[in-house]
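Asks: Here it is, the structure, as structure tokens.
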Amino acid sequence: MKTLVNHKSVFVALLGSMLLILSCHKPPHTVAESAAPPPPQKVTIIEREGRIRNFPCSECHKKVAPETMSKDGTKKHTDIVLKHFPGMNKCQLCHDPYNMDQLKRITLEPVSFNTSQEICGQCHGEKKRDWDMGAHGKIVGGWMGVAQKISCVGCHNPHTPGRPKMQAMAAPPFPAGGIPKGDHP
Amino acid sequence: MKIDSDKNKSDRAAHRLKKKAEIKLAEPASRRGFLKKLTAGVAAAGVAATQSGCSTTGMDKFFQDHYKEMTAEEKEKVFARISEDTKKKYNVDINLKDPPPVPGARFAFAISLSVCNGNRACVHACVEENNQSRDPAVQYIKVIELDRGTFNLEEGDAYYEGEVPKKDKFYLPMQCNQCDNPPCTKVCPVEATWKEDDGIVVIDYDWCIGCRYCMAACPYDARRFNFKEPELQRSEINTNQSYLSNRVRPQGVVEKCHFCLHRTRLGAMPACMEACPTGARKFGNIADPNSDVAQIVQNKRVFVLKEELGTIPNIYYYFD
């Protein structure tokens, strides 16, 4: 009895085609393990002191005795709007009345303006943790080599920390014949 | 003597073919004549090519090799040709580079959806950086506006306008995820798109045949097709270009986000990240455990889009 197809030949042909496929199919690119890693990112925090207008605050404040300073400081600094949390009107919560060139913690330890994130971190500990790891805030520079981190006050005015709304830039052109959101029956 | 006669013969043959082609082309169009005309035209073109020694740029482009098979000299020639073409068309001198992948680097994005306010600065920075067509508008990044508490991308709105962020909305920027298991590269019939060592999926625009299989395969709608010749003003051209990334694309090829490889492979940040006014975007080398993206992936509750498909995307989203 003669079968139409020889099983052995089918097997050989299958094996052959599989080998052919395997030989044609190139392995995907792999990362060179032996290569030296690129230089890590060196992140520095942008300094604040050089950026404050009229910085050494003591230039003026040496003429004002700490005891005579108003509790509600916005009387003299008319450009400052205090809108941090309801009822917040006490400058001396963060500013040191005896040395206006630095800030102070609630526990009265002095903090430089350059490390003002320490002050913010007293209440906003979670955000401070995220900022430390890089999950919050903006980094400028490059991913390799030197980069600079913007501290809290680089984006949020400490007296009015809420970010204003923005105008969205132009939307992509609406597809011809498309149905706008909400108009669909 | 024999060689001479052979040459004369071939010259005569070429002349005959040319004449025939001219006569055929001069004839009024008819259904029967179409195929004949076509063959005659092809023959005439072939003759013209052999006589001129294939020196036209069109011929060079036609016979150009795949990017991965070109030698350094061939690449130089191709880059010179592209620069020349751009100079001819837009009258700008471009700086066309081809930076290789940084050894040991794997690029990734982390995007904070709590911080993103949907202002689309990234979209427009990307368009300007990457010489994308302005009309018809080709944009790599799509920002989707979603209701808080929902996560159905189909119900999102990509065409919102006005003041952002709107009440009870959040914004999700989408672009190419540079998947580690990319479906798009597998379907390409000509291998014009592939994954590089630093994780970036690139396209050889001169090798792409424009079949758009990759667009159908991509689950993230990341790829764009140049239906028309890209329309750009001379002043809009970014002269810092690279072969695999932002050189002005020809018509009929697919393009997509490439993590600004002409910038990132030199250590800089991508254009969208630099433009982001909110700091929602984080970019870095995820292979470095101290980089911010690696730290975010380790410590935050991150997610990727369409994880169930097994594409292993390289853009991580998180809320904080």
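The numbers here are math on the coordinates, done by the rules we state, and not lab data. No experiment lies behind these values; they were computed from the predicted model shown. Glycine gets a Cβ as well: all are built from the backbone with ideal geometry, and neighbour counts include every protein chain shown.
Asks: If we count other beta carbons within 10 Å of each Cβ, what is the order of B:F259, B:F303, fewest first?
Replies: Ascending Cβ contact count within 10 Å gives the list B:F303, B:F259.
Asks: Classify the stretch A:81-185: rounded, prolate or oblate, from the alpha-carbon gyration tensor (a ≥ b ≥ c, eigenvalue square roots; a/c under 1.5 rounded; otherwise prolate if a/b is larger than b/c)? Let's see the in-between values first.
Replies: Working: a/c = 3.27, a/b = 1.92, b/c = 1.70.
In terms of gyration-tensor shape, prolate.
Asks: I want to verify a result. In a Gaussian network model of chain B, Cα cutoff 10 Å, which of these has the top mean-square fluctuation: B:S133, B:S291, B:S245?
Replies: Between B:S133, B:S291, B:S245, it is B:S291 that shows the largest mean-square fluctuation.
Asks: Between B:P165, B:I312, B:L232, whose Cα lies farthest towards the positive end of the dipole of the stretch B:107-318 when Lys and Arg beta carbons carry +1 and Asp and Glu beta carbons carry -1, centred on the Cα centre?
Replies: The one lying farthest along the dipole's positive direction is B:P165.
Asks: So what J values fall out for the stretch B:280-294 if you push phi through Karplus, 6.51 cos²θ - 1.76 cosθ + 1.60 with θ = phi - 60°, rounded to Hz, Gly and Pro as x?
Replies: Running phi through 6.51 cos²θ - 1.76 cosθ + 1.60 with θ = phi - 60° gives 6, 9, 10, 10, x, 9, 6, 6, 8, x, 9, 5, 5, 5, 5 Hz.
Asks: From the square roots a ≥ b ≥ c of the eigenvalues of the alpha-carbon gyration tensor of the stretch B:107-318, which class results: rounded (a/c under 1.5), prolate (a/b over b/c), or oblate?
Replies: Details: a/c = 1.42, a/b = 1.25, b/c = 1.13.
Rounded shape, in that the Cα axes give a/c under 1.5.
Asks: Next question. Got a sec to turn the phi values of the stretch A:57-64 into Karplus ³J(HN,Hα) couplings, 6.51 cos²θ - 1.76 cosθ + 1.60 with θ = phi - 60°, whole Hz, x for Gly and Pro?
Replies: Result, ordered by residue: 4, 5, 3, 8, 6, 5, 8, 10 Hz.
Asks: Let a ≥ b ≥ c be the square roots of the eigenvalues of the Cα gyration tensor of the stretch B:76-128; is it rounded (a/c under 1.5), or, if not, prolate (a/b larger than b/c) or oblate? Provide the component values of the computation, followed by the final result.
Replies: Details: a/c = 6.31, a/b = 1.64, b/c = 3.85.
Taking the square roots of the gyration eigenvalues as a ≥ b ≥ c, the stretch B:76-128 is oblate.
Asks: Follow-up question, since we're still on this one. For B:K77, which aspartates and glutamates qualify as cross-link partners when the Cα separation must be under 15 Å and same-chain residues fewer than eight apart are set aside?
Replies: B:D60, B:D65, B:E69, B:D85, B:D98, B:D206
Asks: A further question on this structure: As a quick test, which of the pairs A:K181/B:K228; A:K181/B:K167; A:K83/B:K300; B:K20/B:K89; B:K282/B:K306 have an alpha carbon distance above 24 angstrom in this structure? If you can, show how the numbers build up before the last one.
Replies: Numbers: A:K181/B:K228 28 Å; A:K181/B:K167 17 Å; A:K83/B:K300 30 Å; B:K20/B:K89 35 Å; B:K282/B:K306 20 Å.
In this structure, A:K181/B:K228; A:K83/B:K300; B:K20/B:K89 lie more than 24 Å apart at Cα.
Asks: Placing +1 at every Lys and Arg Cβ and -1 at every Asp and Glu Cβ, with all other atoms neutral, what dipole size does the stretch B:107-318 have around its Cα centre, in debye to the nearest 20? Walk me through the numbers before you get to the answer.
Replies: Values: 24 positive and 28 negative charges, 26 e Å.
It comes to approximately 120 debye.
Asks: Could I ask something else about it? With respect to the cross-link table entries A:K138/B:K195; A:K165/B:K169; B:K195/B:K256, which display a Cα-Cα separation exceeding 18 Å? Kindly include the intermediate steps, with their values, before the conclusion.
Replies: Details: A:K138/B:K195 29 Å; A:K165/B:K169 13 Å; B:K195/B:K256 13 Å.
Pairs exceeding the cut-off: A:K138/B:K195.
Asks: Let me ask something else about it. Write down the percent of antiparallel bridges among all DSSP beta bridges whose residues are both part of chain B, to the nearest 5.
Replies: 75
Asks: Just B:A105, B:A125, B:A14 to compare: in a GNM of chain B, with alpha carbon springs under 10 Å, which one fluctuates most?
Replies: Maximum fluctuation in the GNM of chain B, among the listed residues, is at B:A14.
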